[in-house]
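> Below is a structure I'd like to ask you about.
Bear in mind that the values in this text are calculations on the coordinates, not laboratory data. A quick note: this is a predicted structure, and the numbers were derived from the prediction, not measured. Using ideal geometry, Cβ is built from the backbone for each residue, glycine included, and neighbour counts are taken over all protein chains shown.
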Amino acid sequence: MIYPPVSMPCRDVKQLHPTLQCAHAEIVRRGNALGHLIGVNQTYRSIAYQNELYAQGRTTPGPIVTYATGGNSAHNYRLAFDVHRLDPRPAWYTSAMNSITPWVFYNGDKWFDKVAAIWVAMGGKWGGSNDGPHMEFTNNQTISWYKAGNEMPENTLMKWEMLKPLYPEENEMRYKLLTDIPNDWDIYGSPRSVIKILMDAGIIKGNSDGTLDLSHDMLRMIIINYRGGCYDKQLIAAGFAPAVK
Ligand SMILES: [Zn+2]
């Protein structure tokens, strides 16, 4: 992988290892779904920049922002990114908090812990309460292993990628033929006989090759509609008994 030229500090996701690029997109997607709007604050750090950061709060002015010297952070190997919050600051924050804690790093509501839980479930490692924004994935290798010149293969998969099916439908139950449809579901009777009636009445036609290929959810929907009398008009017109007497 050839990375484009970069200046420090850097928040460009494209400077991350490919595995981390995918994972970043995924944690943003999962965060959004849960109402956590995730921004990225830093991605790759050169060793020189890491040393500069390490000096901050020690030999140069400013607060301490890192515990790692150059070469000793996952950021130096494109295997970590720092997140911040993008959600709008509520009114109470300005009145109750001082300006030293910027909202983007505010964790009074455990926002970083919640985002970290997503990351850990995906197979990543969190910086912990001392380094809340820090999300890394080193594929169970130590930083010294990377420092020695080893690299994580570009096709490395994280846990979340190994768990997800190749296609979303792959894990879903599908009924290709009428005979694939269960005959005894519950006390209400046989979904297969309902589909058979609807086919005989010409309401369900299936594919030209005679297959139905219904997903489980589609089948449930049809049964629910049938029992609710949705097809009764057509059933009566075709000379069949209505579902709702
Ligand atoms: Zn970090």
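> Mind pulling the per residue volume of the convex hull built on the Cα atoms of segment 3-157? Å³ is fine.
Measuring per residue, one finds 120 Å³ for the Cα hull of segment 3-157.
> Once phi is turned into θ = phi - 60°, what whole-Hz ³J(HN,Hα) does the Karplus curve with 6.51, -1.76 and 1.60 give for every residue of segment 108-124, x standing for Gly and Pro?
x, 9, 6, 4, 5, 5, 5, 5, 4, 4, 5, 4, 5, 5, 7, x, x
> Hull surface divided by four, with the convex hull built on the Cα atoms of segment 1-86: how many nm²?
Orientation-averaged projected area of the Cα hull: 6.1 nm².
> Taking the Cα atoms only, what angle lies between the long axis of helix 216-227 and the longest principal axis of the chain, rounded to 10 degrees?
40
> A follow-up question, please. Report the relative contact order of the chain, percent, no decimals, based on alpha-carbon pairs under 8 angstrom and at least 6 residues apart.
14
> OK, next. Farthest toward the dipole's positive end in the chain, which of Ile197, Met122, Gly210, given Cβ charges of +1 (Lys, Arg) and -1 (Asp, Glu) about the Cα centre?
Positive-end residue among those listed: Met122.
> For Lys205, which lysines qualify as cross-link partners when the Cα separation must be under 19 Å and same-chain residues fewer than eight apart are set aside?
Lys176, Lys196, Lys233
> If you average the C-alpha positions of segment 1-79 and of segment 189-224 separately, how far apart do those two centres end up, in angstrom?
53
> May I pose another question? Could you sort 33-45, 74-86 so that the peptide with the highest average Cβ count within 10 Å comes first and the rest follow in order?
The most tightly packed comes first, giving 74-86, 33-45.
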